[in-house]
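I have placed the structure first, in the form of structure tokens, so that the comments after it can refer back to it.
The values are calculated or read from the model by the stated rules, or taken from the named source; none is laboratory data. Please read these numbers as outputs of a predicted model, since none were measured by experiment. Glycine also receives a Cβ, built like all others from the backbone with ideal geometry; neighbour counts cover every protein chain displayed. Just so you know, the surface numbers come from the protein's heavy atoms only, side chains and all, with ligands and any DNA or RNA stripped out. Shrake-Rupley method; radii C 1.70, N 1.55, O 1.52, S 1.80 Å.
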Amino acid sequence: MALSEGIKRGTVELLILTILQDQDMYGYQLSQELANRSKGLYTLQESSMYPTLYRLVEKGVISDRQEKVGKRRIRVYYHLENAGIIYLETLRKEYCSICRGVLYILGIENIKELEE
């Protein structure tokens, strides 16, 4: 269980930025999209995502804006900035390189082997 949680934490930035490439989204929407795109294999509680979102805003790779929904509710949308596109590409290359290395160590030469 601990390994799974550690891996998940390390990929959250990468996945959030990847999803935000398509459109601006709010927290709940992001968590649902993560689950949908992973076919339910990757789930992340909305509340667990916020520290990462705040960190990405502080880094300047995403921005946030508030929109009023209904009479009293405010929804915060997140937007991928140009700096975020560059950061995402760096993360993606690094992540893919690490994954290839791990797969080589595990003796998995072909991605099809993972499905067995």
- request: Taking THR18 as meeting all but one of (1) touching a strand residue (DSSP E or B) at 6+ places or on another chain (Cβ under 6 Å); (2) under 17 Å from ALA83 (Cβ atoms), write down the number of the exception.
  value: (1)
- request: Confirm whether GLU5 is open to solvent by less than 60 Å² (accessible area, probe 1.4 Å) and either modelled with pLDDT under 95 or more than 16 Å from GLY84 (Cβ to Cβ) (or both).
  value: no
